[in-house]
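Below is one structure, written out as structure tokens; comments come after it.
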Amino acid sequence: MNKGTACVGFLLSFLAGAGLLWGVARSSSNSGDRALLMAESPPSSPIPITAGDPSWGKPGAPVTIVELSDLECPYCARAAATVARVRKEYGPERVRLVWKHNPLPGHRNARPAADAAATVQGLAGDFWKFSELAFANQQELTPEHFASWAAAAGVDPLRFQTALAAKQYTAKVDQDLTLARQLGVNSAPHFRVNGKVLSGAQPYEKFAQLIDEQLAAADALTKSGVPRERISLQLTRDNFKAAAAQPQPRKEPPAEPEDTSVWNVPIRDDDPSRGAESALVTIVEFSDFQCPYCARVEPTLSQLLGEYKDDLRIVWKDNPMPAHPRARPAAYLARFAYEQSGNRGFWAAHDALFASQSNLEDSGLASIAKQLGLSWAGAQKAAASGAYPARIDASADLAMDFAAEGTPHFFINGRHLVGAQPYEKFKQLVDTGLENARRLLGQGVSRDKVFRELMKSGKGAPEPEKKKVPAAGPDSPFKGAAKARVVIQEFSDFQCPYCSRVTPTVERILKEYPKDVKLVWRHMPLSFHAQAELAAEAAQEAFEQKGNAGFWSYHDRLFANQSALERADLERHAQEIGLDLERFRSALDHRTHKARVERDLGVGQGAALGGTPGFVINGYFVSGAQPFAVFDKLIQRALKDG
């Protein structure tokens, strides 16, 4: 590097850190645009845009939309579709979108999701791909899914997990939160269109009105001689100045309150525990022996036990994740150790399993059993009896009932805490629990009854979420029993990877319930999947020509070839299943089934289903590509409902 290059690099780093690089961000801009902006040092903006901000569109676009958003917020997910339309309608020459993180305190998984997204951005991954997957699967904001989505966004999983664990890029989220507070923004989504406020998941027309107004103002500035690359900055400064002159500036809605709910999670007599039974604070831990985040949090739990001694108890509950195939066999061995030697045996197995997490195959488990003085043959025989799987299933079902979907997941005297959080987060909730417990002690409640007394006011498992959607008509493809007692309406998108991933689970449902379940397909192509709508129309034409058999055959081809959904690919798939190609082409040319597809989409949007896939099971709602157990539980409930 020569001295000139070094000096320019230093200057750019300084400007970016100071928030002075209006327009220099990782984006779709070309090198010419970037060089143009790097040549100058424009005045600071009321909303600094730095090189670390995710950005779409040209830096010199006359309209800059800054979005302060939250990946767990359903309204932010809803607004994502509108923003996608804005991008499509206005293009990168006229509009630029810049993302700022604003995870709200009432959303437990929002900050971890923001940290993960910032890590993807910091490692030069596709931030927009990551955010798209997060918005489409907001019920699955867990460390495992973050790693999967990071890989889909082009980031090496090991680099991602290492950087995330080291909090290498999470300071960016703190900076964005500071900016949000300075701007008085305590809700999401919140947009600034060249500095002008647009708050909430507003309809497209609201965005278009404000953008068109700013484009007109930009034209006027251009005619007055303002350089193209400074127009958005100038308008933003002018709009902030005008807003400051208003006597009654618009106020943001109050921030969502912190979730202080207390959940009464049942504790069984045969749940492994450590710490005094008369402890004033009980941590119920849903965990998984193959989960790296569960292993990571164990030192924190040990530190808490050491500090709080007889005031703290930890109760273990198994929740092996479907993505971890060796979590169940490991749980069976721990359960066998518990039966042989009680709590002492379980926690010895627990420590050994986490220490040997890299080898939980049978050979590794056999070695652990030998190390603990257990009979490996006896453990295998006990697991094969069926009692252990049933016990683990009951624990996993309980986790599902209390929405403890990811691991690790904790209830500290009934208060939620999700993930491998830092020590301070646990300590805060433990101290709150102690304060409440000691208040009861002062009222004369004996120590051994304090926890039970606290849980009396706790909430039971919440009722499953419900969605009201009308029954599908005869023009909706289906399979399964035509007169089944349980109807599953699947709202899906042929370009959505999670819709494809859940297909084997759907097939298993139909196999397990051949007489009791009918599956009905409803089209829900998401706006940010550019090829999904035409693919849905093509599949509907397959149904028109060859009924259910034609639709499902075409459906299978689309999901098997999700990277091949261009018009030519759709025609090739049609030819392969024997459709009338001339009629098929005509249907696509004339958008024959567009209204039909939009009708299903309207039903899904009207029911606020959010992303895809979404399932309505006799009114019960399942969001995302959930494991079979989630569906099975609701199908059983629907059957009991009659």
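The values are calculated or read from the model by the stated rules, or taken from the named source; none is laboratory data. The model shown is predicted, which means the values in this text are computed figures rather than measured ones. Virtual Cβ from ideal backbone geometry, glycine too; neighbours counted across all protein chains shown.
Annotations for the structure displayed:
- For region 53-81, filtering for residues that are of a type outside the set (Gly, Ala, Ser), crowded, with 20+ Cβ neighbours inside 10 Å and under 18 Å from Gln138 (Cβ atoms) leaves 7.
- Listed by first and then second residue, the pairs with beta-carbon distance under 9 Å, at least 6 apart or on different chains, first residue in region 40-62 and farther than 25 Å from Ala244 by Cα, second of a type in the set (Asp, Glu) and modelled with pLDDT under 90, are Glu40/Glu229; Lys58/Asp33; Pro59/Asp33; Pro59/Glu229; Gly60/Asp33; Gly60/Glu229.
- The criterion of being of a type outside the set (A, V, I, L, M, F, W, C) and either closer than 19 Å to Ala542 by Cα or assigned to a loop (DSSP other than H, G, I, E, B) (or both) does not hold for Lys449.
- Region 162-184, residues that are of a type in the set (Asp, Glu) and buried (at least 19 other Cβ atoms within 10 Å of the Cβ): Asp176
- Listed by position, the helices (runs of 4 or more DSSP H) inside region 315-428 whose residues that are touching a strand residue (DSSP E or B) at 6+ places or on another chain (Cβ under 7 Å) and not assigned by TED's automatic domain parsing to the domain that holds Gln139 number at least 3 are 327-355, 387-401.
- Condition check for Val487 on (1) assigned to a helix (DSSP H, G or I); (2) out of contact with any Leu (no Cβ under 7 Å at 6 or more places or on another chain); (3) of a type in the set (Val, Ile, Thr): one failure, at (1).
- Residues located in region 394-426, provided they are under 9 Å from Asn319 (Cα atoms) and among the β-branched types (Val, Ile, Thr): Thr407
- Scanning region 579-630 for residues that are assigned to a strand (DSSP E or B) and either polar (S, T, N, Q) or out of contact with any Lys or Arg (no Cβ under 9 Å at 6 or more places or on another chain) (or both) gives Phe615, Val622, Ser623.
- Qualifying residue in region 265-277 (condition: of a type outside the set (S, T, N, Q) and either touching a His at 6+ places or on another chain (Cβ under 8 Å) or at pLDDT below 90 (or both)): yes
- Residue tally, condition of a type in the set (Gly, Ala, Ser), more than 19 Å from Pro320 (Cβ to Cβ) and in contact (Cβ under 8 Å) with a residue 24 or more places away in the chain, over region 364-391: 1
- Evaluated against (1) in contact (Cβ under 8 Å) with a residue 60 or more places away in the chain; (2) in contact with a Lys or Arg (Cβ under 9 Å, 6 or more places away or on another chain); (3) part of a helix (DSSP H, G or I); (4) of a type in the set (A, V, I, L, M, F, W, C), Ala124 falls short on exactly one condition, (3).
- Any chance Ser500 is buried (at least 24 other Cβ atoms within 10 Å of the Cβ), small (Gly, Ala, Ser), within 30 Å of Trp149 (Cβ to Cβ) and under 21 Å from the mean Cα position of the chain (by Cα): no
- Considering only residues in region 290-314 that are surrounded by 19 or more Cβ atoms within 10 Å (Cβ to Cβ) and β-branched (Val, Ile, Thr), the one that is farthest from Val430 (Cα to Cα) turns out to be Val297.
- Residues that are within 26 Å of the chain's Cα centre (by Cα) and under 24 Å from Ala323 (Cα atoms), drawn from region 505-536: Thr505, Val506, Glu507, Arg508, Ile509
- Residue that is farther than 20 Å from Glu72 by Cβ and assigned by TED's automatic domain parsing to the domain that holds Glu67, where the choices are Lys172, Lys196: Lys196
- Filtered residues of region 272-289 (kept if of a type outside the set (A, V, I, L, M), surrounded by 17 or more Cβ atoms within 10 Å (Cβ to Cβ), assigned to a loop (DSSP other than H, G, I, E, B) and more than 22 Å from the chain's Cα centre (by Cα)): Pro272, Phe289
- Only a single criterion out of (1) in contact with a Lys or Arg (Cβ under 8 Å, 6 or more places away or on another chain); (2) closer than 26 Å to Ala279 by Cβ; (3) buried (at least 18 other Cβ atoms within 10 Å of the Cβ) is not satisfied by Leu360, namely (2).
- Enumeration of residues in region 549-563 that are part of a helix (DSSP H, G or I) and out of contact with any Leu (no Cβ under 9 Å at 6 or more places or on another chain): Ala549, Phe551, Trp552, Ser553, His555, Asp556, Arg557, Phe559, Ala560
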